[in-house]
Amino acid sequence: MRVVRTIEQLREALEYMRQGGHTPIGFVPTMGYLHEGHASLLRRAGEMSSTVVMSIFVNPLQFGPNEDFSSYPRDEQRDLELAEREGADIVFIPGVEEMYPQPIRTQVSVSSLTTQLCGASRPGHFDGVTTVVSKLFNMVQPDYAFFGLKDAQQVAVLRRMVADLNMNVEIVACPIIREGDGLALSSRNVYLSAEERSQALVLSRSLREVRQAMEEGKVRTVEDARKLLVSVISASPLAVIDYAEILTFPGLETLDGASLLSDADGEIIIALAVKFGRTRLIDNNVFNPKEVATLV
Ligand code: AMP
């Protein structure tokens, strides 16, 4: 495994792999503090590619002024051990100076898909994501790029960016990896106190309960599903709901509250963002309601 810190070293390392015929190239962008969710992306990348590139970069552009950029957890040594164990061939760890040597005057911005959910609570966040991912795609020129459905809106936004701008890369969406008790893995879980950690289980539990109520035929409309979601989450005293929404996926369009879930054309997303103290957690479930037998 090669660790590179400059764009020039990265291009050299990639050129060497391409000349050796080690293609296709798979790319896993991350912000580090790696866990089993990131590991699953590396493994998927390894199955589909001959060269696996991972980047570790905490991107200041996608953090708001009052967000956790400076306190975001970092542990390079542990990240490198995980990357090596999971088969990364090249790990790119640029500094902020390398990525942004001068104030950025060019941004990539996807409209419409970025105004709701996390886009509404974190203004400018997705512009930061699409800009840095575009830069990384230009540097790595991967055949495949792997992203977790944990950040489902990010997947929808990046797919649209790639389609709109004819980028020559396939976005591969990978399933959400959870702890045994259901909590979706996140680098930010380390911020949680023991009590918050235990109450945070309400995210995955509310998603499961809504799914179960649908399967039992107890919930059939968008509004009923939303009500149940909110009531389950609100039963946790530390939970402060940022959003609990049901939208089409990947179009992220609102569904009429009174409409039957089964009226949705294709997949829908149940998307949650909930704060516990200073920590904001997200979780979601993407599925086709027509595959839930009791809804049709
Ligand atoms: P991050 O380091 O948080 O920016 O995440 C890097 C990539 O890992 C993104 O594509 C995330 O969606 C993905 N990821 C983070 N957590 C999980 C998880 N629990 N399961 C699957 N993918 C994840």
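The values are calculated or read from the model by the stated rules, or taken from the named source; none is laboratory data. What you see is a predicted model; the values in this text were computed from it and never measured. Backbone-built Cβ (ideal geometry, glycine too); neighbour counts: all protein chains shown. For the accessible areas, the whole protein counts, side chains as well, though only heavy atoms, and no ligand, DNA or RNA atoms are used. Shrake-Rupley method; radii C 1.70, N 1.55, O 1.52, S 1.80 Å.
Pairs meeting the criteria (first residue in the stretch 28-43 and of a type in the set (Val, Ile, Thr), second residue near the ligand (Cβ under 6 Å from one of its atoms) and open to solvent by 20 Å² or more (accessible area, probe 1.4 Å), beta carbons under 6 Å, at least 6 apart or on different chains) are THR30/HIS38. Scanning the stretch 1-40 for residues that are more than 19 Å from TYR72 (Cβ to Cβ) and aromatic (Phe, Trp, Tyr) gives TYR16, PHE27. Checked against the criterion of being surrounded by 17 or more Cβ atoms within 10 Å (Cβ to Cβ), touching a Ser or Thr at 6+ places or on another chain (Cβ under 9 Å) and modelled with pLDDT of 95 or more, the candidates LEU117, LEU41 yield just one match: LEU41. Can you tell me which condition ILE176 does not meet? The list is (1) aliphatic (A, V, I, L, M); (2) open to solvent by 30 Å² or more (accessible area, probe 1.4 Å); (3) in a helix (DSSP H, G or I); (4) within 16 Å of the ligand (Cβ to nearest atom), and all the others hold. Result: ILE176 passes all but (3). Residue check: ARG160 meets all listed conditions (1) of a type in the set (Lys, Arg); (2) touching a Leu at 6+ places or on another chain (Cβ under 7 Å); (3) within 14 Å of the ligand (Cβ to nearest atom) but one, namely (3). Would you confirm, using the coordinates I've provided, whether GLU170 is within 16 Å of the ligand (Cβ to nearest atom), in the same structural domain as PRO142 (by TED's automatic domain parsing) and either open to solvent by 60 Å² or more (accessible area, probe 1.4 Å) or modelled with pLDDT of 95 or more (or both)? So GLU170 passes the test. Inside the stretch 262-296, can you point out the residues that are touching a Phe, Trp or Tyr at 6+ places or on another chain (Cβ under 8 Å) and free of Cβ contacts under 8 Å to residues at least 60 places away in the same chain? Scanning the stretch 262-296 gives GLY266, GLU267, ILE268. Screening SER112 with (1) at pLDDT 95 or above; (2) on the phi < 0 side of the Ramachandran plot gives one miss only, at (2).
Could you check, for the stretch 70-77, whether at least one of its residues is open to solvent by less than 30 Å² (accessible area, probe 1.4 Å), within 15 Å of the ligand (Cβ to nearest atom) and either farther than 24 Å from ALA184 by Cα or at pLDDT 95 or above (or both)? Checking the stretch 70-77: at least one residue is open to solvent by less than 30 Å² (accessible area, probe 1.4 Å), within 15 Å of the ligand (Cβ to nearest atom) and either farther than 24 Å from ALA184 by Cα or at pLDDT 95 or above (or both). Summed over the stretch 120-152, the residues that are open to solvent by 70 Å² or more (accessible area, probe 1.4 Å) and within 15 Å of the ligand (Cβ to nearest atom) give a count of 0. Within the set LEU34, LEU80, the sole residue that is in a helix (DSSP H, G or I) and open to solvent by less than 40 Å² (accessible area, probe 1.4 Å) turns out to be LEU80.
The single condition among (1) away from the ligand (no atom under 13 Å from the Cβ); (2) assigned to a loop (DSSP other than H, G, I, E, B) that ARG18 does not meet is (2).
Scanning the stretch 21-63 for residues that are small (Gly, Ala, Ser), more than 9 Å from the ligand (Cβ to nearest atom) and under 30 Å from THR106 (Cα atoms) yields GLY26, ALA45, SER55.
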